[in-house]
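These notes are about the structure you will find just below.
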Amino acid sequence: PKQLVLTLSATESYRIVTTPTSRPLWVVLPQPISTNFVSLTIEDCGTLEGQWSALAEVSLFSDLDGGNALSLLVAQLGSSEMRVAEAAERALFAQLETGTPQQGEELLTAIAAGPPSSRGSTKRRYQALLGQLARQSNRLAAPTQRQILDTLLTATATAEVDERTALFAALTTLASQPGRAESVSAAVQGLIQSRQSSTVLRGQALRWLAEHGSLPVVLSLGEQIADEQAL
């Protein structure tokens, strides 16, 4: 289908122009709408005479799903069906790009519960969404920005070595936001100073601080860990 119409009431509808793709198409409405009726119609089938056009599957998520549509989508990141997990991830990215700050805060709360217990591709999806939240953190409230930082630190501490590159990149993005450099730098120092953390993790954090922290901070920290030859 080349064009669809999503009808929500006798007076409200949205026209959806599609592009040829084998991947699911996700549409996020521009604002919350209260309705008890949804109709999806193929307006332009884009086929030649004698051919057929159809939709294979349609999924609808609302605030009624599990009490919170965002939480439902976050839960589906760990689905054993790759298609479902990937579709949920794309929907959440779309929601981050077009949603309200409050929705960003709700999504962070749902994501924060995931990384410590998740594994493999599920964990990487959580980490990618955290990176996107870091990029958009300047439009969120200060307590939420701090929560993003805390969640990133937790995810970094529990990540595999090869997964941390993306997480440290997210920390760099967060540090580039106005007024955030000092707090991010202090948080990374905490990773380095924690002797309960692995030497590899502390070394990666030290390398990040050397690149992005201030020289006085790096020198002071160097004096504190001078007796640790592994670092």
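The values are calculated or read from the model by the stated rules, or taken from the named source; none is laboratory data. These numbers were taken from a predicted model, which means no experiment stands behind them. All Cβ positions, glycine included, derive from the backbone under ideal geometry; neighbour counts span all protein chains shown. To get the accessible areas, we keep the full protein, side chains included, count just its heavy atoms, and leave off ligands, DNA and RNA. Shrake-Rupley method; radii C 1.70, N 1.55, O 1.52, S 1.80 Å.
Filtering the stretch 106-142 to residues that are of a type outside the set (Ser, Thr, Tyr), open to solvent by 60 Å² or more (accessible area, probe 1.4 Å) and either on the phi > 0 side of the Ramachandran plot or touching a helix residue (DSSP H, G or I) at 6+ places or on another chain (Cβ under 9 Å) (or both) leaves Glu106, Ala113, Pro116, Arg119, Arg124, Arg135, Asn138, Arg139.
Within the stretch 26-74, being at pLDDT 80 or above and not in a loop (DSSP other than H, G, I, E, B) holds for Ser39, Leu40, Thr41, Ile42, Glu43, Asp44, Leu73, Val74.
From the list Ser53, Ser34, which residue is over 25 Å from Ala134 (Cα atoms), open to solvent by 40 Å² or more (accessible area, probe 1.4 Å) and of a type in the set (Ser, Thr, Tyr)?
None of the others qualify; the one that does is Ser34.
When Ala166, Ala142, Ala128 are screened for being touching a residue at least 12 places away in the same chain (Cβ under 8 Å), of a type in the set (A, V, I, L, M, F, W, C) and over 23 Å from Leu231 (Cα atoms), only Ala128 passes.
Matching residues to (1) over 27 Å from the mean Cα position of the chain (by Cα); (2) within 24 Å of Arg83 (Cβ to Cβ):
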| residue | (1), (2) |
| --- | --- |
| Glu12 | yes, no |
| Arg15 | yes, no |
| Thr21 | no, yes |
| Trp26 | no, yes |
| Ile33 | no, no |
| Ser39 | yes, no |
| Ile42 | yes, yes |
| Thr47 | yes, no |
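Taken over the stretch 75-100, the criterion of being part of a helix (DSSP H, G or I), over 11 Å from the mean Cα position of the chain (by Cα) and modelled with pLDDT under 80 is satisfied by Thr98 alone. Among the residues of the stretch 144-171, none is identified as touching an Asp or Glu at 6+ places or on another chain (Cβ under 9 Å), open to solvent by 40 Å² or more (accessible area, probe 1.4 Å) and more than 15 Å from Ala110 (Cβ to Cβ).
Checked against (1) open to solvent by 60 Å² or more (accessible area, probe 1.4 Å); (2) part of a strand (DSSP E or B), Tyr14 passes all but a single condition, namely (1).
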